[in-house]
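K.L.:
Questions regarding the structure given below will be posed in turn.
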Amino acid sequence: MKIASREKRPLALELAMIIRGGGYRAGEWLRQIDLEQRLGANRFEVRTALAELALRGTVEHVPNRGFRVAEHDRERLRQLLDIRALLEVEAAVTALPRIDAAALEALERLAAAFERAAAEGTRAEQSATNVAFHDGLYGHTPNRALGELVTEMRDRARLWPVALWPSTAALRRSVESHRRILDAIHARDAGALAAAVRDHILRSAANDPAVDTIS
């Protein structure tokens, strides 16, 4: 399957999204010829993307053998989530003054789309609408470089293919967490917004499935 919109997303990010979406298992070897066909890219582009993901820790390069999906590292995940929380709290708080009534209405629509996907959508739809909500929020930060770092760290903190929410209860809590974020924005309460975003990053089973394994 050829992935579209490469103009909008770097090839490395496209491949990282396939990996974290379950396209390849932890430890699985990545054949460059297969990736060329799947991504609609040439050998140089694929090799460059793999080298970038190796630097991020998403894949591992084994000399004379090639590239494989990185194995799980729980402690590294925890550390990356701590960094995510710092960045995303700052992005949300700095975005708050720029979120006017129209922007808030747009965020409400994005949150509603995630809620519908949580109730009746596929995992892919749930993941896409969840990301869209966060991108919609952090897109208002005046610090463009910060917004880019948030996106990069979110990608780096999901190094392996997992089902984002290990239980229906965890999925419902993500819906409620989005609501707390929106409530803080409605109240123009930067402290409450910071706390809601931090809690959402560090305590969500979407980020760390070990948090909740009960359906």
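K.L.:
How would you classify the stretch 11-69 from its alpha-carbon gyration tensor, with a ≥ b ≥ c the square roots of the eigenvalues: rounded for a/c under 1.5, else prolate if a/b is greater than b/c, otherwise oblate?
P.N.:
rounded
K.L.:
Of all the stretches in the chain, which is the longest one without any exposed loop site, taking trypsin sites (Lys or Arg not before Pro) in a DSSP loop (any state but H, G, I, E, B) with at most 15 other Cβ atoms within 10 Å?
P.N.:
Longest run free of exposed loop sites: 66-187.
K.L.:
Using only the Cα atoms of the stretch 34-106, build the gyration tensor, take square roots of its eigenvalues as a ≥ b ≥ c, and label the shape rounded, prolate or oblate: rounded if a/c is under 1.5, else prolate if a/b is larger than b/c, else oblate.
P.N.:
Oblate, because a/c is 1.5 or more while a/b does not exceed b/c.
K.L.:
Right, next: Taking the stretch 104-200 on its own, what percent of its Cα-Cα pair distances exceed 16 Å?
P.N.:
Details: 2737 of 4656 pairs.
More than 16 Å apart: 59 percent of the Cα pairs in the stretch 104-200.
K.L.:
When the convex hull of the C-alpha atoms of the chain is computed, what volume per residue in Å³ does it have? Kindly include the intermediate steps, with their values, before the conclusion.
P.N.:
Working: hull volume 25.9 nm³, N = 215.
Normalising the Cα hull of the chain by residue number yields 121 Å³.
K.L.:
I would also like to ask the following. Which one, His178, Leu50, Thr141, projects farthest toward the positive side of the charge dipole computed for the chain from Cβ point charges (K/R +1, D/E -1)?
P.N.:
Leu50
Values in this text are rule-based calculations from the coordinates and carry no lab data. Predicted model, so just to flag it, every value in this text is computed and none were measured. Quick reminder, even Gly has a Cβ in these numbers, built from the backbone with ideal geometry, and neighbours come from all protein chains shown.
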